[in-house]
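Below you'll find the structure, written out as structure tokens, and then a few comments.
The values are calculated or read from the model by the stated rules, or taken from the named source; none is laboratory data. Small disclaimer: the values here were computed from a predicted structure and weren't measured. Neighbour counts are summed over all protein chains in view; Cβ atoms, including those assigned to glycine, are modelled from backbone coordinates with ideal geometry. Side chains included, ligands, DNA and RNA excluded: accessible areas come from the protein's heavy atoms. Shrake-Rupley method; radii C 1.70, N 1.55, O 1.52, S 1.80 Å.
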Amino acid sequence: MTRLRLLPPSRVPSLLSNLSPISSVIRLAPLSCLAFLLAACAFAQDQPKLVKINDAISMVKTSGNVYVVNTPEGSVIIDTAIAEMAPEAKALLSPAVRGPVKYIILTHGHADHIGGISLWQETGTQVIAQRNHYEFVNYVSRLEGFFAPRNAAAFRRPPKPPGPWAGNYGARVEATIMFDEKYEFTLGGVQFQMFSTPGETPDHLTVWIPAYKAAFIGDNYSGIGVPEPNSFPNLYAIRGTKPRWALDWIKSLDTVLELKPDIVLNGHGDPIFGNAEVTRRLKRYRDAIQYVHDETVKGMNAGKDVYTLMQQIKLPASYDLTEAFGKVSWSVRGIYDGYAGFYDMNPSTMFELPPSSIYPDLVKLAGAEAVVKLAQEKIAAGKLIEALHLTDVVLATDPKNPDALNARIKALELLRDKSENYVETGWLEYGIDKAKLQLKPAP
Ligand SMILES: [Zn+2]
């Protein structure tokens, strides 16, 4: 098995996507992040390029993909890439754009899809989004100060203080047309239908062009791991996001399947051609989400706690999905907490003092050396997470305890070395860096 240290470039900006809407991304995107993206691209030799799908549709495969659909009366752009990649995407796609840009359609409000809107806008260009787009971009903007350090950690870049709070509804919203369930228009004799298909975000939409039996579905199907096997999605992204509602996502995939597309065009990665292949892949993905959701709900109804279910629920091998991007255990917790919130029926946990408030007392009783020794024994026995918890206990009293920090680094490195999920790997490396920084003497 190969350990993934670098994020596949096709997904990196998607992971950035809770950062903020376009304007903030431009402001926040640091050079180190861009360098990291470029390093990731170089690693996978996945340079942006123009790809012709049929006589009317072309794409630039980048982060995320940008599409043009040409008609005799003008062109429609679907998604616009992340701001850093958008100028290159436009330069590559422009030779395939045969008319004035009449519409820009946003499959969703993640930053890697809305970063190049202004590059494509002409006089009279309409920008179409699903109605939840408004709240989604405001949600990201509203919590920018909360997301900023998490994104800095997740994407291994120096933290940068966010700007002044923009307020609850301070995001820049560029859509000029927003719809609830369905919207359609005809341009140059070509009919475009848009359906609300919430999934990775609540504002996801699917663009359906009946003439080409083509469905543009944004990030509701994970393009990473193409060719197969694909990864299970993140029903909850641990960098911080609202849980992504599994039942909505399932229904949205059903909506796409009912259209019987011959081509599915994704926000990342390659298109899927042929209805049999589309059906096989999307149905398997849909069924896997349903399995994890239903097992979680069954466990909740049976009175099981979230940690038990995180340990017990495993995706059956028949789904043939990896956990390189989405992790089933995080998704279980996302579903559980999404339905139930924080309280676990234990009166100890409903008050404002956390368990860590008594860690210094435990260290006083046992002695820091004994706790560290126990952590080292846990590491030797392969019980790495327990070792981490023990170092938490010591470091709550003495944040610079070198033996506890060294034990912690060892446990984190061993966890990283066996991780098969690159989001998890990134957070483990973040923890290693932080512990190493703690080891350094104060300047
Ligand atoms: Zn994306």
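How about the stretch 211-239: which of its residues are at pLDDT 90 or above and at positive phi?
Within the stretch 211-239, 213, 218 meet the criteria.
Examine the stretch 89-107 for a residue that is more than 16 Å from the ligand (Cβ to nearest atom), polar (S, T, N, Q) and either in contact (Cβ under 8 Å) with a residue 12 or more places away in the chain or in contact with a strand residue (DSSP E or B) (Cβ under 7 Å, 6 or more places away or on another chain) (or both), and state whether such a residue exists.
no
Going by the structure shown, is residue 390 more than 36 Å from the chain's Cα centre (by Cα), in a helix (DSSP H, G or I) and either over 22 Å from residue 342 (Cβ atoms) or not basic (Lys, Arg) (or both)?
Against the criterion (more than 36 Å from the chain's Cα centre (by Cα), in a helix (DSSP H, G or I) and either over 22 Å from residue 342 (Cβ atoms) or not basic (Lys, Arg) (or both)), residue 390 does not qualify.
Kindly establish whether residue 172 is more than 29 Å from residue 320 (Cβ to Cβ) and in contact with a Cys (Cβ under 7 Å, 6 or more places away or on another chain).
So residue 172 does not fit the description; no.
I need a count of the residues in the stretch 108-146 that are charged (D, E, K, R), in a loop (DSSP other than H, G, I, E, B) and either more than 24 Å from the chain's Cα centre (by Cα) or within 16 Å of the ligand (Cβ to nearest atom) (or both).
1
Out of 158, 164, I need the residue that is more than 23 Å from residue 66 (Cβ to Cβ), without any contact (Cβ under 8 Å) to a residue 12 or more places away in the chain, in a loop (DSSP other than H, G, I, E, B) and open to solvent by 20 Å² or more (accessible area, probe 1.4 Å). Which one?
Numbers: 158 fails: without any contact (Cβ under 8 Å) to a residue 12 or more places away in the chain.
That would be 164, the only listed residue that is more than 23 Å from residue 66 (Cβ to Cβ), without any contact (Cβ under 8 Å) to a residue 12 or more places away in the chain, in a loop (DSSP other than H, G, I, E, B) and open to solvent by 20 Å² or more (accessible area, probe 1.4 Å).
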